[in-house]
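The values are calculated or read from the model by the stated rules, or taken from the named source; none is laboratory data. None of the values given here were measured: they were computed from a predicted structure. When we count neighbours, we look across all protein chains shown, and the Cβ atoms used for this are built from the backbone with ideal geometry, even at glycine. Note: accessible area is taken over every heavy atom of the protein model, side chains too, but ligands, DNA and RNA are not part of it. Shrake-Rupley method; radii C 1.70, N 1.55, O 1.52, S 1.80 Å.
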Amino acid sequence: MEKLSINGILESVITSYYSVLVQRNIEPSISIPDEKVERMLNGEALSRIFGNIISNAVKYSDGDLRITLYPEGRVTFANHAGRLDEVEAAKLFERFYTVESGRESTGLGLSIGRTLTEQMGGSIGAYREDEEFVIWVSFYRRRR
């Protein structure tokens, strides 16, 4: 673990997925603050977490993706995903769970994301709000 900028890692992962998003006609809306959001994290693990979430969005989005990094260390990934209901949203972090249309998937991506997030002292979850599906990851500052 080292002091890392969540901004920089998030930008790097988005850049690496950008061509895939464009191929799927998904134009992401990205909001990242100018000031650095730094935490003691594992860079490889954080990249994998963000990559797994964006990969899921590519599979299940109805054509949109909104990524927001908040100054307090919370990142949200929101999109319209008509194929995901509230029950499926809750199960996405279970090992080997796949949505019916994701048969090529092993169902490990978000389960691994949860494990890596928790190992670094963060938290992760998902919910539906109105017509959107939201995955959130939080790495708040630890108090001494």
>> Could you list, ordered by first residue, the pairs with Cβ atoms under 7 Å in which the first is in segment 59-79 and hydroxyl-bearing (Ser, Thr, Tyr) and the second is surrounded by fewer than 16 Cβ atoms within 10 Å (Cβ to Cβ), at least 6 apart or interchain?
In response: 60/83; 68/31
> Within segment 1-23, can you find the residues that are part of a helix (DSSP H, G or I) and among the small types (Gly, Ala, Ser)?
Replying inline: 8, 12, 16, 19
> In segment 123-140, how many are touching a Lys or Arg at 6+ places or on another chain (Cβ under 9 Å), open to solvent by 50 Å² or more (accessible area, probe 1.4 Å) and assigned to a strand (DSSP E or B)?
Replying inline: 1
>> I need the full set of residues from segment 25-61 which are among the charged types (D, E, K, R) and surrounded by 15 or more Cβ atoms within 10 Å (Cβ to Cβ), in order please.
In response: 38, 39, 48, 59
